[in-house]
C-alpha cells in the first residue's frame, strides 16, 4: 500500500533524486520523449530543471537545446517554460502552446506535424532518429516494480522502449485509483511481424494495466506533487449550441434512414467548446448506451458517463476542467469501470477506426466550397496547433464531421473560402461540414454539387453572395468544370484579409 | 466440365438472353454497378446494348441516362462508348477514359473521386443512394451454381449484394483456370458488427473462390467472347529508368540501416511505365521472396513472379499488356499458385495496409516544395483520372513514395511547384518524393527543411533557381515561417503556364 511514498520498489527507491540531478542525464542535442497528452500526465518538474540547466550552460557560454517529442499538447509547465528558454530545437507531433507557436511561426523552432497514430511507428522504425531519454510521469510504483501510469498514456510505451535512459516522475497528486484504468497493449510490432489487434468494441481490454519498463533503463526517479493544468471550459455560446443542434438533427435523420444505429457508432470528438456542446446535446437527446473511442476524455463525456448516455469511453488521456477533475476523483470508483486509457497508436489506430466505424467530429480553421479542410494553418503559413488525430479518424472512420463557426475575428474572416490556404483533410475525406448556419452533407456529391450545398448551408450570409459569385465566375471561365477555380483569385480572400483586415469586398 | 457453354447451371441457363434483351432491365435514371478494374473483367456487351437502347429512347424523345459505378477504370467498350452516347449522369469512383474525362471537365458528367477502399462501405451504408442493377462479368457458372469470377474482382461482391437485379456476362475468353485464384471474403459487415480481418500475410486466403449471388437476383445472363482490352507498355525510357534507380538505391540504403527487411515489405505499385521500370529494377536487383499487396497485377509483377523475385502477388485485378496476358494464360498453372485476387475493400483496406506495413509507390501530377501532392487535377480544375487507392495506401502503409518525371510538356511544366493547385496527399502523408533528378526523404523534416530537400534533390535544374527564389522570398516576407508562402504568387506558376505556355519566367 502506498502511504508516504509512491515508490515502493526497493531497487528503484535508490534512484530517487531531485529534478536538477535528474536533468544531468539530458544533454545538449539530445532527443527527449516526454509524457503528456492534452494537458494530462506531463512531467511537472524536469522541464523547469532543464530550464535551470540551460541557463547554467548558457552562463558557461555553452548551448543547450533538445528535440522534444510528446504524446500531443502539454501545458505551460512543459512546452511553455522550455520554449520560453529557447530550449527546443525541434518539436513533434502536436502542440498548442502560445510561446511554442510564436517560435514555430517566427522560424526559431522546427515543428513536425504528424498523424498521432503514426508517431510510434515512426519512432520504432528509426525514421525520426535516435531517442536518447524518456521522461515519463507515472502515478506510482509497486513494491514488485509494477508501474501505474498517469492521467495520459500517449506515446509513453514507445518512449520507454526506444529511449536509452528513462527518467520517471512519480506524481502524488494523481489519483492512485487510476490503477486498473489503463490498457497498455503489448502486441504491437513492426511489420512484417504485426498481428491483428483483437479489439472489437470500445470496452474491450487487450493489454496490461501497467507500464513495463526494464529497471536497468530507469536512471532517475523524481517525486512530484502538482496537478495537471487545464483551463475551465466556458459555457457553450449560442453559436456552439446551434452547431450542436445541427449535428444532433443530422444524427436523428441518419438513424431514421437506417444509416446509423439508434445508439450511433463509437464517437471521436475533438476538444473544445463546440465538441462539448455537441456532447451536452447528445446527453439531453435521449440517447442510451453510446460509446466513445477517442483521444481525450473531456468534461462532456464525464457527464454522459454519469447520466448513462455513454456506457464506455476509451481514450489516451483526460482533458478535464478543474471542476470535472474534482468530480472524477470524488467518484473515481464509478468512472474507472467505464473508462479505458490506451496508448495513442491504439486509440488512433486506422485498423480499429475502420473496424469500429468511428464517427469523427473535429474542428476546422477553414473549409473551401469543394470540401477541402484546413485544420492547422492560419492564412496558409502560420501553424495554429497541428492535425492531431483528426486524419487518423477522418480517413478511416465511418463518418467524418468537421465543425466551425461560419466566421471568425468578429465576422472579418469567413470560415468558408473559395480555396483553403492549406489542406489537411482532402475532398476525399470530408463527409460533413457544419456551422451554426447549417450542415452540408457532402456524401455522394460531385465537387460542383458540393459547392452549392456548402455555400447555401454553411456560409455566413455576409459571405454567401461573394462565394456564389466566385463559384459562378469560376464555372464560366472555361478553365475546367470538375473543380472550377480562378487561380488568380482563389487565395485572394486571405490576401484581402491581410491587407484590409477583412475578407469582405469593400 | 465446361465445353460449349460456360453456363452449366440449369436454373440459370433459362436466363440466357441477348445483351439487347438484358438491357431492358436497366431504366433511365437507374444506378448501375458494373464490374471492371483497370481494364480487366468489365462487361463487354451490355454497354453497347445500352448505347443502342439510349438511341432508341432518344428517337422516341425520351432521355436515357444512368449513374455508373465500377471498381475503377474500365475500357473504351464501357466508359468510352457510354460517355460518347452521353449516357452517364454520374460516374464513380475512378476513371481514365478520354471521353469521360472530357465530359467531366466540360461539366457534362458529374464525377465523385473516392478512396477505393471506401466505396463498398459507402454503398452498403446507403450514403450513395440505391443501387438498381449490377452488371458483372464472370468466367463461368458451374452446374451447382458456383460462379467463377473474372479477371478483376473490384466491387463485384458489393454490387451483387446491394443491387435489386443482377445481370451476368459470361465471357468465354477469360481463362477457366482463373478458378481458384480468387479469394472473396465474406466476413465483411457494417459497423458495429465488423470483426478483425485475419489476414497476416499477402499469401493468406480468408475467403471463398466463388462469387455468391442469390439465383433469384439474377435476371439475365449474356454470353460473350471478347478479350480484356489493355494497351501494350512502352519500354521504359531513360527518365523512368533513372527514377527507378533512385528508388532502388533508397531501398538498399534503408535495408542497410535496418529500417526495411532484406525482402522489403509488401509492395503496392501504381500502374504505368515508371512503376513498371521500378519493378523491373527490383527484378534485376538480386531480391528474393518479395511480396506484393496491391490493386493491380501488371506486366512487371508477372516477370517478378516468374523469376522468383516475387513469391506472391495479391491484388484486385490484372492489368496486363497483350503479350503479358498471353504469358499468363500459357503458364497459368504456375501463376495461379502465386496470385490472389480479392475484392477492393480488402485489397485496399486500411486495417491490412497498416498491419502489413505496405510500401506504397504511386505517381503524382505535381508536388509542392513542402511535400503536398496533387494526384488528380490538371492546373487545379481539370480531372485527370482520380485518386484511386493511393490514399488508402499512402496514409496507412509503412512508407509512401510518390514518383514523377521532374517536368512535363517538354519541360514547360515543373512537377515541383511552390504550391500544388489541388491536394490529394497532404504533407502529413508524403514520405518520399522521387524524380529522375533524385530522391527527397521527407521523414523527420519540418516544412522548411523539406523545401530545401525537395528543391535540391527533385526539381529540374531549369526550375531550381526559380523555386529557391520563391522559397527565400516567402521566408523573408515575415508572413509566417512554419510553411512560408507568398499567397499572391503561390499559384502563379500555373497561371503563367496557362497564359504563356510555360511555367518558366520569361
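Things to note:
- Annotation note: of A:474, A:412, the sole residue that is over 27 Å from the mean Cα position of the chain (by Cα) and not assigned by TED's automatic domain parsing to the domain that holds residue A:272 is A:474.
- Residue A:77 surrounded by fewer than 21 Cβ atoms within 10 Å (Cβ to Cβ) and under 20 Å from residue A:23 (Cα atoms): yes
- Any chance residue B:362 is in contact with a helix residue (DSSP H, G or I) (Cβ under 6 Å, 6 or more places away or on another chain) and buried (at least 24 other Cβ atoms within 10 Å of the Cβ): yes
- Filter result (part of a loop (DSSP other than H, G, I, E, B) and either more than 9 Å from chain A (Cβ to nearest Cβ) or farther than 30 Å from residue A:477 by Cβ (or both)) within the stretch B:377-399: B:384, B:385, B:386, B:388, B:389, B:397, B:398
- Residue, nearest to residue A:345 (Cα to Cα), within the stretch A:105-118, restricted to residues that are in contact with a helix residue (DSSP H, G or I) (Cβ under 7 Å, 6 or more places away or on another chain) and more than 7 Å from every other protein chain (Cβ to nearest Cβ): A:117
- Which numbered condition residue A:450 fails, given (1) within 14 Å of chain B (Cβ to nearest Cβ); (2) in contact (Cβ under 8 Å) with a residue 24 or more places away in the chain; (3) more than 29 Å from the chain's Cα centre (by Cα); (4) not in a loop (DSSP other than H, G, I, E, B): (3)
- Of all residues in the stretch B:464-485, those that are more than 22 Å from residue A:109 (Cβ to Cβ) and either surrounded by 16 or more Cβ atoms within 10 Å (Cβ to Cβ) or within 8 Å of another protein chain (Cβ to nearest Cβ) (or both) total 5.
- Looking only at the stretch A:210-225, residues that are buried (at least 17 other Cβ atoms within 10 Å of the Cβ) and assigned to a loop (DSSP other than H, G, I, E, B) come to 2 in all.
- Condition met for residue A:385 (under 25 Å from residue A:448 (Cβ atoms) and at pLDDT 95 or above): no
- Among the residues of the stretch B:415-431, those that are more than 9 Å from chain A (Cβ to nearest Cβ) and farther than 18 Å from residue A:380 by Cα comprise B:415, B:416, B:430.
- When A:373, A:432 are checked against the criterion of being in the same structural domain as residue A:317 (by TED's automatic domain parsing), surrounded by fewer than 24 Cβ atoms within 10 Å (Cβ to Cβ) and closer than 22 Å to residue B:128 by Cα, a single residue qualifies: A:432.
- In the set B:134, B:85, only one residue is closer than 30 Å to residue B:335 by Cβ and over 20 Å from the mean Cα position of the chain (by Cα); that residue is B:134.
- From the options B:333, B:283, B:299, residue that is surrounded by fewer than 21 Cβ atoms within 10 Å (Cβ to Cβ), over 30 Å from residue A:356 (Cβ atoms) and either in contact with a strand residue (DSSP E or B) (Cβ under 9 Å, 6 or more places away or on another chain) or assigned by TED's automatic domain parsing to the domain that holds residue B:37 (or both): B:283
- Of all residues in the stretch A:493-506 being more than 8 Å from chain B (Cβ to nearest Cβ) and surrounded by 14 or more Cβ atoms within 10 Å (Cβ to Cβ), the one that is farthest from residue B:487 (Cα to Cα): A:504
- Between B:408, B:412, the distinction of being more than 9 Å from chain A (Cβ to nearest Cβ), free of Cβ contacts under 8 Å to residues at least 12 places away in the same chain and within 16 Å of residue B:496 (Cα to Cα) belongs to B:408 only.
The values are calculated or read from the model by the stated rules, or taken from the named source; none is laboratory data. Keep in mind that this is a model prediction, so the values were computed, not measured. All Cβ positions, even for glycine, are placed from backbone atoms using ideal geometry, and neighbour counts span all protein chains on display.
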